[in-house]
Amino acid sequence: MQRRSSSAAILAVVAIAFAAHAGDALARSEWKWSDRPGTLRSWFETRYQKIAISDGPPTSVYGDGRLLASYPDPWSVMPRAHLLMLLHPAPRNVFALGCVVDGSVEAMAAHPVDRLTVVEEDPDLLRALPTLYGVEMEAALKRPHVRAVASDPLRALTTRSDWDLVILLDGNPLTLRHNRTRTLEFLRRCRAHMRPDGVLVLRVAVPDTYIGGAGGRLLSVIASTVQRVFEQLVLIPGSDTLIVAGGPEADLDLDPEILAGRYERRRVAGPGLQPGMIPLLLDPERSRTLTAELPLDSLPNTIERPRAVLLANRLHEARVLPGLLTAARAIEESSDWSAAAVFGGIALLVFAAATLRRIAPTVAAATVGFCSMGWWLVLIAVWQSTRGSVYSEIGALTGIFMAGVAVGSLVASRWQRPEKGLPFVLLGGSAVSAAIAAGAAVAVPMVAVPGLLVAGGALTGAAFPGLARLGGRHTRRDAGAAFAADEAGAAAAAVTIGVVVIPWAGLSITAIGLAILLVAAIPAVVRRRR
C-alpha cells in the first residue's frame, strides 16, 4: 500500500512538471505560429484572458491573441492622449477606459484635473503593468489625482454622476463582452452620469481611408448609436476614428488654435505634444468631410440586437477567413424575416422527424439539449450586457442552472411514466423562452436571470428520464443514446447561437425560435410514446 502511494505521488509530481513545461512550450509555439514581432518574454493566465508579452522595447502585450498595446509609443499614443484631454475646455473629473495598457495615462496624468479615474477590467494585468512598463508608468499611477481601478466599466462608470470627460479607448466589439461599451444602453448610462456640458470620446479601430466596406458599416452603426443619445457629434479621422459627442451645452469646437490655447494655458509638463502638432492630429477639413459623408441612418447597436459584433468580426477576420467574411456579410444584411425563416425551417425539420419513429427520440433529445444551452447562452448574454462582466458571477449562475437540472431530474425520476410528462415539460420550456423574448430578463436581470436559469435547468433535468425511456426496453443503451443526443444538441447551440445567432437575430427572436423548436418536438415524443 505504501509503495502504491509513493508511486502515485511520484507520478503526480512528474505530471505537474510536464504540464508546466508543456504550457510554456505551447505558448512559445503559439507566438511563433502567429508570426508576432520579437520573442516571447513571459505569459500568464488571469480570470479574464491569457496574457502574452514580448521582449522590448517596444513591449507588445496580447490578450487572448489580440494585440492590446505596444509600449512605449511616443509618436501616436502620447500625442493622441494629450489631444483627448484637450477636447473638453476644462475637465475636472475624467473617466478613461483602456488608457493604462497603451500608456495613455502617462500623458493624461500631466493635465490639471481634480480626478482622473482610469479603468482596466483585468486586475492581474493592471497590477503587472507598472512592472512591465517601468518607472514612468508607476509614477503616473501614483499621482495623487489618479485613481487606477480594476473593475467592470459598467459599474465603475456609475460611481459618480459628474463626469466632465468620458473616454472609451477599449477595442472593437469582437464579442458580446467587448460590445457592452458600444451599446445604446451603455451610452445612455454615460449621458446620465455626465455633466450637462460633458464630452464623450469613443474610439473605433477603423481608419478614415476604409469606410466603404465592413469598417465603414461598423463606424456607421456605432456613430448612429451615439447620435441617438447625444445631440452633437463630430468625427476625428486618423489611423483610428474618434467619435466626439456631447449634449447641447457641450463645447465641441475642434479648431486647432483653440485646442493649442488650452494646452498652453494648462502648462502641461513633460514631452508628448507640441502645439504645432495639433493641426496634424486634427485636420478640421477632413473631420468635416468624414462627419458629413458617413451615413448616420443605421439601426442602433443594442443589448437586444448587438449589430456591431458581426461587423467587427468581419473587419477582424477579413484577411484570414474570407468564407466567414462572406457569410457574416450575408447575415448582417439580412432582415428579421430571414432569421424567422431559418428558425421556421429548422422547426419544420424537427416536426417532420416526428413521423419517423426510430429517430424521433434522438431528435427530441437533441432539441432539448439545443434549447437548454440556448437558454443559458441568452441569459448569460443578458446578465453580461446589463450587469457587467460575467466572469465573477459565471460560476454562481452556472451552479444555479445545474442545481435546477439536478432537482428536475430527481423529481422526474420518481414518476412512474416520466415519458408521459414530456409534452408538458416541452411546453414549460416554451414558456421560459417566451418570458425571455418578452424582455423579462433585460428588465429585471437580478431577479429574472437566476429565476429563468433555475426554471430552464429544472425543465432540462425533468426531460431526461422521459427521453431515456422513449427508446424502448434497453434502459442503459437508451439512456446513453439520449444523453449523447442531448450533448450533441447543446454543442450545436454553443457553436451557432453564441457566435452567430444572437448578433444576427437578437435576443428576442432567438428566444422565440427556441420556443418554436420545443413546440415542434412535442409530436415526436407523443408519437413515440404511443
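The values are calculated or read from the model by the stated rules, or taken from the named source; none is laboratory data. The shown structure was predicted, so the numbers you read here are calculated from the model rather than taken from an experiment. Every residue, glycine among them, receives a Cβ derived from its backbone with ideal geometry; neighbour counts consider all protein chains shown. All accessible areas refer to the heavy atoms of the entire protein, side chains included, with ligands and DNA or RNA removed. Shrake-Rupley method; radii C 1.70, N 1.55, O 1.52, S 1.80 Å.
When only the heavy atoms of the protein chains count and the probe is 1.4 Å, how do 50, 142, 32, 420 rank by accessible area, highest first?
I get 32, 142, 420, 50, largest accessible area first.
Using the scaling law 2.2 N^0.38 Å as the reference, what is the normalised Cα Rg of the stretch 482-530?
1.35
Kindly work out what percent of the DSSP beta bridges joining two residues of the chain are antiparallel, to the nearest 5.
55
Would you grab the residues whose amide H sits under 5 Å from the one on residue 50? Only those 5+ places off in sequence or on another chain, please, with H modelled 1.01 Å from N.
64
Could you order the peptides 237-247, 76-86, 265-275, 433-443 from most to least packed, using the average number of other C-beta atoms within 10 Å per residue?
Those peptides, ordered most packed to least, come out 76-86, 237-247, 433-443, 265-275.
Just the number, please: carbon plus sulfur as a percent of the accessible area of the chain, 1.4 Å probe, no ligands or DNA/RNA counted.
Using a 1.4 Å probe with all protein chains present, the chain comes out at 61 percent carbon and sulfur.
Report residue 367's accessible area, 1.4 Å probe, all protein chains in place, as a number in Å² to the nearest 10.
Here the accessible area works out near 10 Å².
How much length would be gained if the chain were fully extended between residue 127 and residue 496, taking 0.36 nm per residue of separation minus their Cα-Cα distance, in nm to one decimal?
Answer, rounded to one decimal: 129.2 nm.
Kirkwood Rh, Cα Rg: Rg to Rh for the chain?
With Rh from the inverse mean 1/r over Cα pairs, Rg/Rh is 1.04.
With a probe of 1.4 Å, find how much accessible area the chain has per residue, and write the answer as a whole number in Å².
Solvent-accessible surface per residue comes out at 46 Å².
Applying the Karplus parametrisation 6.51 cos²θ - 1.76 cosθ + 1.60 with θ = phi - 60° to the phi angles of the stretch 247-255, what ³J(HN,Hα) value in whole Hz is obtained for each residue in order, glycine and proline being reported as x?
Each residue's phi maps through the Karplus curve to give x, x, 8, 6, 9, 10, 6, 9, 5 Hz.
Rounded to the nearest 10 Å², what accessible area does residue 208 show when all protein chains are kept and the probe is 1.4 Å?
Rounded to the nearest 10, that gives 40 Å².
I need to check one value: relative contact order of the chain, counting alpha carbon pairs closer than 8 Å and at least 6 residues apart, in percent.
RCO, the chain: 13 percent.
Loop-only GluC sites (Glu not before Pro) in the stretch 177-268, please: DSSP not H, G, I, E or B, and at most 14 other Cβ atoms within 10 Å.
Those satisfying the criteria are 231, 249.
Note down the accessible area of residue 201, probe 1.4 Å, to the nearest 10 Å².
0
If the chain between residue 417 and residue 46 were fully stretched, how many nm would it gain, using 0.36 nm times the residue separation less the Cα-Cα distance?
128.8 nm
Please list 299-312, 393-406 highest first by mean number of surrounding beta-carbon atoms within 10 Å per residue.
So the order, starting with the most tightly packed, is 299-312, 393-406.
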